[in-house]
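Since the structure comes first, as structure tokens, the remarks are kept for the end.
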Amino acid sequence: MANIRALVAGNWKMNGFNASLEMLDELASGLREGTASTCDVMICPPTTILAAAANQVPGSGILFGGQDCHEAEAGAHTGDISAAMLADAGANAVIVGHSERRADHGETSELVKTKAEAAHRAGLMAIVCVGETEAERRAGDAVKVVSGQLDESLPDKLTASDTVVAYEPVWAIGTGLTPTAEDVAEIHTAIRENLIARFGDDGAAVRILYGGSVKPANAVELMGVANVNGTLVGGASLKAEDFLGIITAYRP
């Protein structure tokens, strides 16, 4: 197995205004004190403050990402943001296929694939999200559902440097419910096997993040699971203390 550097990414979702930029100063201060030297750290704020956030903490090593992008580079798409625009605003990456986009906006895996391809054309890392609902898990279809989403959502050509997979069981996002370490290991192992079968050495090196009610209290256990190469954090990423508490799961 490749030596994979972990990624801890915070998805602020539709939260965070200019006042929230103060959190970045706290986060940067904690990182400068050596809180985490063995993982990459990323914040994905709302697009309205992405450029300001990217300019807030120069030299901190914090990466920045968008929360979604349109599949086209430009055009008559009122209210949408292209991957190229995100890159111009200072983004290093963009989340595509988050379960809230799939559910709230009816996004299909085929559309997610085109968005990931658009991210790559813009020079951005695509963080491709997959995950099953509670009903699908209860039916014993979790691996089948996630594998199908991978097959249809990932570009035919990718590298370990331009793509990250984020597994977020839909039923665990913002609910306080968390899969057991064994549940997470089962899905992450299946994801790794899928990636290797399709992409070979790059598939072995793609980072696989876990997301879903990750907190400082459970981060060490979850981040210690085989094939978990970091986390996509929701609510806990809005407070520097909580986010740093999760990052410390990778403290040497």
>> For a quick check of your reading of the model, give me the residue pairs whose first member lies in the stretch 113-127 and is modelled with pLDDT of 95 or more, whose second is of a type in the set (Ser, Thr, Tyr), with beta-carbon atoms closer than 6 Å and at least 6 apart or on different chains.
In response: 113/153; 126/163
> Is there any pair linking a residue in the stretch 34-47 that is under 14 Å from residue 63 (Cα atoms) to one that is polar (S, T, N, Q) and modelled with pLDDT of 85 or more, with Cβ under 6 Å and at least six apart or on different chains, and which?
Replying inline: 44/11; 44/67
> Do the conditions hold for residue 190, that is, is it outside any loop (DSSP other than H, G, I, E, B), surrounded by fewer than 19 Cβ atoms within 10 Å (Cβ to Cβ) and modelled with pLDDT of 95 or more?
Replying inline: yes
>> For the stretch 1-117, give me every one of the strands (runs of 3 or more DSSP E) that falls completely inside it and has 1 or more residues that are not hydrophobic (A, V, I, L, M, F, W, C).
In response: 6-11, 39-44, 63-66
>> Against the definition (of a type outside the set (Gly, Ala, Ser) and in a loop (DSSP other than H, G, I, E, B)), how does residue 136 come out, yes or no?
In response: no
> Can you name the residue in the stretch 139-168 that is part of a loop (DSSP other than H, G, I, E, B) and touching a helix residue (DSSP H, G or I) at 6+ places or on another chain (Cβ under 7 Å) and is also nearest to residue 124 (Cα to Cα) among such residues?
Replying inline: 162
> Which of the residues that make up the stretch 22-46 are surrounded by fewer than 17 Cβ atoms within 10 Å (Cβ to Cβ) and modelled with pLDDT of 85 or more?
Replying inline: 22, 25, 26, 29, 46
> Looking only at residues in the stretch 220-241 that are within 25 Å of residue 128 (Cβ to Cβ) and in a helix (DSSP H, G or I), which one is farthest from the chain's Cα centre (by Cα)?
Replying inline: 221
> Going by the conditions given, is residue 213 in contact with a Ser or Thr (Cβ under 8 Å, 6 or more places away or on another chain), polar (S, T, N, Q), under 30 Å from residue 29 (Cα atoms) and in a loop (DSSP other than H, G, I, E, B)?
Replying inline: yes
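The values are calculated or read from the model by the stated rules, or taken from the named source; none is laboratory data. All values reported here derive from a predicted model rather than from experimental measurement. No Cβ is skipped: glycine too gets one built from the backbone with ideal geometry, and neighbour counts run over all protein chains shown.
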